[in-house]
1. Under the rule a/c < 1.5 gives rounded, and otherwise a/b versus b/c splits prolate from oblate, where does segment 2-77 land using the Cα gyration tensor?
2. Among the trypsin sites (Lys or Arg not before Pro) within segment 1-79, which fall in a DSSP loop and have no more than 12 other Cβ atoms within 10 Å of their own Cβ?
3. Karplus couplings for segment 21-38 from phi (6.51 cos²θ - 1.76 cosθ + 1.60, θ = phi - 60°), rounded to Hz, Gly and Pro as x?
4. What is the fewest-to-most order of Asp16, Asp43 by other Cβ atoms lying within 10 Å of their Cβ?
5. Given contacts defined as C-alpha pairs under 8 Å and at least six residues apart, what's the relative contact order of segment 2-77, whole-number percent?
6. Whole-Hz ³J(HN,Hα) for each residue in segment 57-62, computed from phi via Karplus 6.51 cos²θ - 1.76 cosθ + 1.60 with θ = phi - 60°, x for glycine and proline: what do you get?
7. Would you order His53, His68 from fewest to most other beta-carbon atoms within 10 Å of each residue's own beta-carbon?
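Values in this text are rule-based calculations from the coordinates and carry no lab data. Quantities reported herein were computed from a predicted structural model and do not represent experimental measurements. Here the Cβ positions follow ideal geometry from the backbone for every residue, glycine too, while neighbour counts run over all protein chains shown.
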Amino acid sequence: MKEVPFDQNTNQCSYDYMRVREGPNWFRCYYKNVSRKIIEPLDAWRTLGTAKHTDFGKQLKAWCLEMHQTYNTESRLGVVDTSFASEAQDAEPTSNTKMIT
């Protein structure tokens with residue numbers, strides 16, 4: 001797991017983007033003595049509540065969206081499934097099988 005911290009983190013407010021090998025990347029949000037694990041970038045920004053309309057909130061929103069676009073896990077999902085189970089998803093799953101007599 002690799003941690004990418006927000007550059008304006010303090011002891012009272014901290015946001016980190018956690019890059020993981022398996023599973024979706026996520027945000028660790030610490031604000032008002034509560035820590036949360038959030039996957040969506042706008043949900044991480046919304047943890048600020050009414051403070052999201054301040055300059056800090058706008059910078060955090062831009063950072064969250066940038067992290068999500070840069071390290072999005074959906075780009076890793078483009079791998080073609082070549083397992084035996086992938087044939088079951090075809091329209092005709094028995095087209096690539098042979099009968100043994």
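1. Because a/c hits 1.5 or more and a/b exceeds b/c, segment 2-77 counts as prolate.
2. Qualifying residues, ordered by number: Arg21, Lys32.
3. 6, 10, x, x, 5, 8, 9, 9, 10, 10, 8, 6, 6, 10, 10, 9, 9, 10
4. Lowest to highest Cβ neighbour count: Asp43, Asp16.
5. Values: 103 pairs, mean separation 16.3, N = 76.
Rounded, it is 21 percent for segment 2-77.
6. Couplings: x, 5, 5, 5, 4, 4 Hz.
7. Working: His53 10, His68 19.
Ascending number of Cβ neighbours within 10 Å: His53, His68.
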